[in-house]
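Contents: one structure, followed by commentary.
The values are calculated or read from the model by the stated rules, or taken from the named source; none is laboratory data. All of these numbers come straight from a predicted model, not from anything done at the bench. Protein only, heavy atoms only, side chains kept; ligands, DNA and RNA dropped before computing areas. Shrake-Rupley method; radii C 1.70, N 1.55, O 1.52, S 1.80 Å.
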Amino acid sequence: MKFSLNKDDEGNIVFPLVINPSLTLLDCGVINTNPNYHSEHNLFPIGYKSIRSYASIFEKGKRAQYTNEILEGPDGKPLYRVTSSEDVDNPIVRDSSTGCWVYICHKVNDIADVKKQKVTISGTERFGLLEPNVCRILE
């Protein structure tokens with residue numbers, strides 16, 4: 001799948017951007033120089049927003065849309081919020097992106113016919129922050 005950026009007359013990126021079939025970027029957010037908002041390999045921009053298509057936490061065999069957001073936390077650290085299209089009134093808020101997605105994967109595993117013994121997931125990947133095209137846009 002070829003990736004291209006749509007830009008307006010001023011050269012600003014036009015959102016939403018379909019990164020791949022399961023990930024859409026809604027907002028790049030703003031880079032914060034506070035060390036809590038980046039690591040050696042990743043950026044965690046305040047206001048970053050993406051949508052990930054993933055298995056439903058309520059109905060086996062269905063998919064749902066999960067809106068991933070990075071918020072400015074009250075203690076100078078990012079807060080991560082994931083909101084399911086199936087339950088918009090109950091977002092999952094954690095102090096790590098992985099914390100949000102481990103919760104979702106456990107819920108999906110709970111309703112599966114065949115249970116996984118161990119659920120491992122990268123929240124950074126699920127948020128889309130490891131996607132090469134997202135990394136290039138953020139840089």
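Give me Rg over Rh for region 30-80, both radii from the alpha carbons and Rh done the Kirkwood way, two decimal places.
Rg/Rh for region 30-80 comes to 1.13.
For the chain, with a Gaussian network of springs between Cα atoms less than 10 Å apart, report the residue from ILE111, ILE46, ILE57 with the top mean-square fluctuation.
Answer for the Gaussian network model of the chain: ILE111.
With just the Cα atoms defining each centre, how far is region 1-59 from region 94-139? Give it in Å.
15 Å
Can you tell me the length gained on complete extension of the stretch ASP87 to VAL18, counting 0.36 nm per residue apart and subtracting the Cα distance?
Here the answer is 22.5 nm.
Once phi is turned into θ = phi - 60°, what whole-Hz ³J(HN,Hα) does the Karplus curve with 6.51, -1.76 and 1.60 give for every residue of region 107-123, x standing for Gly and Pro?
For region 107-123, the Karplus curve yields 5, 5, 5, 4, 9, 6, 5, 10, 7, 7, 5, 9, 9, 10, 7, 9, x Hz.
Could you report the chain's accessible area per residue, 1.4 Å probe, as an integer in Å²?
I get 60 Å² per residue for the chain.
Using the structure shown, select from LYS49/LYS116; LYS62/LYS118; LYS60/LYS116; LYS77/LYS107; LYS60/LYS107; LYS60/LYS115 the pairs with a Cα to Cα distance greater than 19 angstrom.
Distance filter (> 19 Å) returns LYS49/LYS116; LYS62/LYS118; LYS77/LYS107.
Give me the percent of accessible area attributable to carbon and sulfur for the chain, probe 1.4 angstrom.
Heavy-atom surface of the chain belonging to carbon and sulfur, 1.4 Å probe: 49 percent.
Let me check against my output: what whole-number percent is the relative contact order of the chain, with C-alpha pairs under 8 Å and at least 6 apart?
17 percent
Hey, could you grab the Kirkwood Rh for region 18-139? Inverse mean 1/r over distinct alpha carbon pairs, Å, one decimal.
14.8 Å
Suppose we take every Cα in region 1-61 and form the convex hull; what volume per residue is that in Å³?
148 Å³
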